[in-house]
Amino acid sequence: MRTSGYGLSVLLLCSSVQATLDIAQVPLYLGTRAEPNIMFSLDDSGSMHFELMPEGLIENSARYVYPRVDNVYGSEDYDNRTVTFTSNSNRNAYTRSSNNNKLYYNPLQSYRPWAKADGTLMANASISCAPHNPFNTAAGCRDLTKNNRSRSLRYYTGFSSSDYNDDETFWPAVYFAYKGSGDVKKVGSYTRVEIKSGSTYGGRPNRSDCKSAPVCTYDEEIQNFANWYTYYRSRILAARAGVGRAFASQGQAIRVGFATINASGSVIRGVAPFSGTDRSAFFSDLYSRDIPASGTPLRTSLKDVGEYFSRTDNKGPWAASAGSTLPHLTCRQSYNILMTDGYWNGDTPSVGDQDKDGYSNTLADVAYRYWKTDLRTDLADKVPTSTVDPANWQHLVNFTVGLGVNGSLNPASGTPSSWPNPHDPDDKEYKNPTYIPEYKIDDLWHAALNSKGSFFSAADPDTFAAALSSTLAQIAARNSSASSVTANATRLDSNTHIYQARYNSGDWSGQLVSIPLNSDGSLGTMAWDAATLIPAHSARTIFTRQNGVGIPFTWADLDNTNRALFNISGDNQGESRVAYLRGDRSREQSNGGLFRSRSDLLGDIINSDPVYVGVRDYGYASATGLNQTERDSYQTFLGSPAISRRTPMLYVGANDGMLHGFRVANGVEKLAYIPASLLGELSLLTKPDYSHRYYVDGTPKVGDAYLGSSWKTVLLGSTGAGGKAVFAIDVTAPDNFSADKMLWEFTNTEMGVALAAPTLVRVKSGSKWVALVANGYNSTSQTARLFVLDLATGAVIRELDTQVGSASEPNGLSSPLPVDEDGDRVADYVYAGDLQGNLWKFDLTDNNSAQWGSAFKTGNKPKPLFQACNGTCSVSTRQPITMRPLAIRHPKGGIMVLMGTGSYFTNDDKLLPATPRLEAVYGIWDTGAGVSSSQLLQQSITHEYPANGTSIRFNVRVVSSKAVNYTSQKGWYLILKSPGLSKGVGERAVSEMLFRNKRLIFNTLIPSADACDFGGRSWLMELDPVSGARLTYSVFDVNGDGAVNDDDYVGIKDDAGNDVKVPVSGKQFDELTTTPSVVEDADMERKYISGSSGNISVTLEEGAGDLGGRQSWLQLD
């Protein structure tokens, strides 16, 4: 049994020159983002001219429902054969009803113009001159407001060969509504509707273009019809509408190319970043390419695309950009989206029977060839893998989409054991007497499966657009995710849960999931995912602040100044944007609107760790530093039903602009708060080409405080990398949130980007409860400062300036650690690091706050307790301190301050120089005097061993075991460098440390030097905090036998050359990890560690043994 021997009461109540730092707005461990390649292959066969769908509606080659003009889709046309407009014609009713012809005008649907590259829409079609083709206005237009008379052409009147050549006069704005019963081929089963002035049109409940839906005015109805005629009337028009809508909703994190199946070589435009002129060019190609009256050579086209993805030159798909000489990325994923309205034909691609199903040269064979073949044998195989696609070599995945076609097999019934022969009877290679055309659609599905993609069959244009959006979402979902984790308890029982925050970097959506722990500490089945449980937008409780007070975040409650923030360029969409941000999805592009489509309403959660808030006793009832009223009332506060039965909550910040509060029991959101300082940035979230940035990215801190005349539970939140603000919320009663509980929001010219975590404490001066706020980075003066704020009001009590930092050498204070030296639960000192390696100690012991300041000074100039440098201090050797320090009592008296060095939040931090600066972990003994590096003992990493599958189940390292002579020395340091290396590899310590069972526990991270190595590596280290040496006993289950004992030692040679067995000091992870969440039982403890891959790993270690007492004042909260 081992117990804590030195528990200092640390008041962490919950757990010309470079002018500014380039603070990253995406996770650095995503590295050089390898945006996926997406080739879109458009079916430009002649059948795309047709105005009827599905194919079975076409009889006697009558392909049109309106008289065709010449060259409407290019220089080639089909015969001008049109279904008659005669009002009593059965065929007229049958083909001009959306019940049968899925292309024809559907009065229940809103038809919007095509999307432009920037996500806005083209102009509504003119009702008196509706273009036949919006990108070929030279082809003419149709007046939909009067009778039309056609020139002499062939009309078809029946379901056989009945036709005639003549002129016809017809009302063009017409449709037939099926009555719901009767023979669909009889005109009597329909109501004929002419759209004419003076009428209104009911029965349209979902028409977003009608202000008084379900009733539409004539103007609304005729405009909708005109938009349908111009933008959706034919297969190619409807396809372009759907493709444009799907791609306009994509951000810039993809590379897109364009191909058509009939073009020579198929590929029209190679893949390029989906931004700027390249984005515009894609839309121009999509909307303007000629559609010849040709066949459907899908197999040859797919082979052409596969050959394009096999290119090795700098103009191919693997280059950073066309012609770029930068190294080709080995981890780029490549996709082809192949859409078609028909059955393949044309030349045989001669690829053979690639998938060994007995049929050669099928579309599935072509797809399989370019999936199974390493398309770039000269590149390392580093394409990300998944359960869906295990291939790590450069390959091509196909998503296939059928428009108005279905196969003989139903994908909903699962993958068949065998596939039908798709070759037709005229095929030279196969004489297939049992052929039916649907077999070729089965082959389209087979092609997708062979290449680990998906197949969609869309019966109508709306489903087609949704299918394409789903396809792009699937591609985005194959990008990486990452997470953080917390627990609702430190000791394992039947109600212990792990809560994991995750995100998807493909579409920047987030998750917060609850995972119960089994009795053996293993992970159970997910209980809920908060992302799927967000209430309806009208029912959500969302607040912000305005003019110094909390208000509901609704359009009605915003004043004109704030409303203007949501009307981008005066577009009068402000109210709709506010509704979108509240969760209204009706105006997303996937629903025909203007705004960015979302897979879920919860935004990405990246650097904000979820914080569990239930019932907790902070010990204030016996705190001698508090007055009698505070002590007595605290016990009453804890015993009140409002607190003892308080609804447990999880609070976490997300990059949808909100701090969220979720009920622990079911994951339902109870609260969201939008910092007022971010209101002007929220509209960016609605842009279809949204580029990720942080919003509410800081981890909240929660504690109890006596404010006014009562105890409150207060949450301190921050914008993190998303802004320069800290805010306070009264979370005492989570079942009764109201606007007045949004206490205050703090900004200041000397407040930088709020990456440092705030905390709340009691101080001596004025018996005040205060918020300690480090100023962070990129403040006006660029010096490191500590703000002490009145917790009740947010007013500044003191601003403590270190006077270190300048525009040429930017600085800022990192997360502060308040320390209670005499155990009265009142803050005495505050430790905090800065970017120049200084460890500051602020003295708050005086009853007069005017006397607060740096504990050490040279004259009137503040002086740090210690400065961390790799050798002699200079601009290049100073080691930044960005983590919050850890403090314990030293056995000889005084305070032991522990911290690591390194930075991992600027874009420069992901770039490893040829010789990276060495970082270190320090233990500084504060005895009331400054400390220099010459007074420290150096420990080192002496050995590292790889896993061998038996006695060592994971990579381990061993630290030296030197003893610190505290008669002459003032602490220790451990250089973060692997043994045997001549230089460092960028290892650093930036995550919060833990102190448990007399052990110092911390993570280090090593970013990958390879842009295609996602994340990097980490080490979980456990050392003696007083000496920095390795422990004298094993804590890791190195051999994986479920026990921690002497069998978990490794052999080394000691300084004398003797073979000895020693415990290991660290365990390696093949991903970036942060501070673990610790749960223990009577004998063992488990560290739940969430990393950059999104997985949760469980590390089994030796526990405290007796479960007695508080293990550490820095316990995760």
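Can you find a residue in the stretch 570-593 that is assigned to a strand (DSSP E or B) and buried (at least 20 other Cβ atoms within 10 Å of the Cβ)? Among the residues of the stretch 570-593, not one is assigned to a strand (DSSP E or B) and buried (at least 20 other Cβ atoms within 10 Å of the Cβ), which makes the answer no.
Filtered by the rule that a residue be on the phi < 0 side of the Ramachandran plot and outside any strand (DSSP E or B), the stretch 752-777 gives GLY752, LEU755, ALA756, ALA757, PRO758, VAL763, LYS764, SER765, LYS768, ASN775.
Within the span defined as the stretch 780-793, one or more residues are β-branched (Val, Ile, Thr), at pLDDT below 95 and either farther than 20 Å from VAL830 by Cβ or not in a loop (DSSP other than H, G, I, E, B) (or both).
Evaluated against (1) in the same structural domain as HIS497 (by TED's automatic domain parsing); (2) crowded, with 17+ Cβ neighbours inside 10 Å; (3) not basic (Lys, Arg), PRO641 falls short on exactly one condition, (2).
Just so you know, in the stretch 375-390 the residues that are out of contact with any His (no Cβ under 9 Å at 6 or more places or on another chain) and closer than 11 Å to CYS331 by Cα include one that is surrounded by the most Cβ atoms within 10 Å (Cβ to Cβ), and it is LYS382.
Checking each residue in the stretch 285-301 for being surrounded by fewer than 17 Cβ atoms within 10 Å (Cβ to Cβ) and among the charged types (D, E, K, R) picks out only ASP290.
If only one of ALA1056, ALA1082, ALA1043, ALA1104 is touching a Gly at 6+ places or on another chain (Cβ under 9 Å), more than 26 Å from GLY986 (Cα to Cα), of a type in the set (Gly, Ala, Ser) and at pLDDT below 95, which one is it?
ALA1082
Residues of the stretch 493-544 that are assigned to a loop (DSSP other than H, G, I, E, B), crowded, with 22+ Cβ neighbours inside 10 Å and either modelled with pLDDT of 85 or more or more than 23 Å from the chain's Cα centre (by Cα) (or both): TRP508 alone.
Taken together, the residues in the stretch 830-870 that are of a type in the set (A, V, I, L, M), under 24 Å from GLU992 (Cβ atoms) and over 39 Å from the mean Cα position of the chain (by Cα) amount to 3. Taken as a whole, the condition of being of a type in the set (A, V, I, L, M, F, W, C), modelled with pLDDT of 75 or more and over 22 Å from THR362 (Cβ atoms) does not apply to ILE436.
SER208 fulfils the conditions (1) modelled with pLDDT of 95 or more; (2) part of a loop (DSSP other than H, G, I, E, B); (3) under 21 Å from ALA125 (Cα atoms) except for a single criterion, (1). Checked against (1) under 20 Å from LYS303 (Cα atoms); (2) surrounded by fewer than 23 Cβ atoms within 10 Å (Cβ to Cβ), ASN432 passes all but a single condition, namely (1).
Checking every residue in the stretch 922-937 against the condition of being under 15 Å from ALA989 (Cα atoms) and at pLDDT 95 or above gives at least one match.
Of the candidates THR340, THR400, the single residue that is among the hydroxyl-bearing types (Ser, Thr, Tyr), out of contact with any Ser or Thr (no Cβ under 6 Å at 6 or more places or on another chain), at pLDDT 90 or above and within 18 Å of ILE268 (Cβ to Cβ) is THR340. Among the residues that make up the stretch 605-612, is at least one of them at pLDDT below 95 and surrounded by fewer than 17 Cβ atoms within 10 Å (Cβ to Cβ)? The answer is no; no qualifying residue exists. The number of residues in the stretch 840-852 that are assigned to a strand (DSSP E or B) and of a type outside the set (Lys, Arg) comes to 3. Every condition in (1) surrounded by 13 or more Cβ atoms within 10 Å (Cβ to Cβ); (2) over 25 Å from VAL664 (Cβ atoms); (3) modelled with pLDDT under 95 is met by SER622 except one, and the failing one is (1). Residues that are over 25 Å from SER417 (Cβ atoms) and part of a loop (DSSP other than H, G, I, E, B) within the stretch 396-405 comprise LEU396, GLY404, listed in sequence order. On the stretch given as the stretch 329-346, residues that are within 30 Å of PRO461 (Cβ to Cβ) and among the charged types (D, E, K, R) total 1. Taken over the stretch 999-1013, the criterion of being closer than 27 Å to ALA756 by Cα and either crowded, with 23+ Cβ neighbours inside 10 Å or of a type outside the set (Gly, Ala, Ser) (or both) is satisfied by ARG999, LEU1000, ILE1001, PHE1002, ASN1003, THR1004, LEU1005, ILE1006, PRO1007.
For TYR634, state whether it is surrounded by 21 or more Cβ atoms within 10 Å (Cβ to Cβ), at pLDDT 95 or above and assigned to a helix (DSSP H, G or I). The answer is yes for TYR634.
Residues of the stretch 350-385 that are part of a loop (DSSP other than H, G, I, E, B) and of a type in the set (Phe, Trp, Tyr): TYR359 alone. If the condition is being small (Gly, Ala, Ser) and farther than 9 Å from SER110 by Cβ, then the stretch 205-222 contributes SER212, ALA213.
The values are calculated or read from the model by the stated rules, or taken from the named source; none is laboratory data. This one's a predicted model, so the numbers in the text were calculated from it and none came from an experiment. Reconstructed Cβ throughout: ideal geometry from the backbone, glycine too, with neighbour counts over all protein chains shown.
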